[in-house]
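The values are calculated or read from the model by the stated rules, or taken from the named source; none is laboratory data. This is a predicted model, so every value here is computed, not measured. Quick reminder, even Gly has a Cβ in these numbers, built from the backbone with ideal geometry, and neighbours come from all protein chains shown.
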Amino acid sequence: MSSLRRNIIIRLNLLLAFAQRKDLNQLSNGQWEKLRKDLVYVIYHRKDVTADDRYFMKIGAILDAQRHLVSAINNLKDVGVAHLHLNQQGVIIATVKGKPFSYRYQPDDLSTALNGSLAYLLDKARITREELLECANPTCQFPYLAPKTIRKRVVDYDEKEPPPSMRSGRIFVPIRKPAKSKRAYCSTACARVVAVRDYRDRLRSDAQKYERAKEKERKRGKQRYRKKILKK
Ligand SMILES: [Zn+2]
């Protein structure tokens, strides 16, 4: 894969992850700053956050932008269509000596900037709807649920498709296409959670097998003993 396309998909995933965050009402100042850094990278492909960026990305503007994006992303995955609104914006055309002209839209508000970025990044990434995957970790978006609720969720999840707002896994685009048989995860954190859970389940089922084998052996022992007694 070209490094350009890789970069586009990384930015697209940052935007998808932002849109689906459920913790915006409890972020620390440091986390807000980290989020602004991600959004600056999504929109401008730039790593440092300036005072102007902070002014452009006030908390209220971030919350407002997220509200519009999250349903659009669910719609893109579920039906393949989303309608997002753009407010006023300008276009900056520029060139440096010897290079072709290029342009960039300059939106007046963050929601327009992020809606435009979603359209731009999806277009540049050249992905199909089928490549918008859902993370296979059933507690991906609800990491703090109690184990009992998690199990119930997993059962529910197997029985019927959850409604879009209750999607248990985040929507993301894999950098590399996963093998058909393999489950895909939105992050290494989710992959690790499932690996640990599977390992514990395996240990538990091994322990149960061991108990059953011991029980069988005990019964067999009793029968042998009875036969011995009867012979006498
Ligand atoms: Zn996940």
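Side notes on the structure shown:
- Taken over the stretch 178-232, the criterion of being more than 16 Å from the ligand (Cβ to nearest atom) and under 13 Å from LEU133 (Cβ atoms) is satisfied by ALA179, LYS180.
- Test: residue in the stretch 57-70 that is loosely packed, with under 12 Cβ neighbours inside 10 Å, of a type outside the set (A, V, I, L, M, F, W, C) and touching a helix residue (DSSP H, G or I) at 6+ places or on another chain (Cβ under 7 Å): no
- All positions within the stretch 160-177 that are within 15 Å of the ligand (Cβ to nearest atom) and at pLDDT 80 or above: SER168, GLY169, ARG170, ILE171, PHE172, VAL173, PRO174, ILE175
- Count of the stretch 32-57 residues, restricted to those that are free of Cβ contacts under 8 Å to residues at least 12 places away in the same chain and not polar (S, T, N, Q), is 8.
- All positions within the stretch 192-232 that are modelled with pLDDT under 90 and β-branched (Val, Ile, Thr): ILE229
- Residue selected from the stretch 86-135 under the condition basic (Lys, Arg) and within 28 Å of the chain's Cα centre (by Cα), by the criterion farthest from TYR44 (Cα to Cα): ARG129
- Elements of the type helices (runs of 4 or more DSSP H) sitting completely within the stretch 24-126 and holding at least 3 residues that are within 29 Å of ARG176 (Cβ to Cβ): these cover 29-44, 59-78, 110-125.
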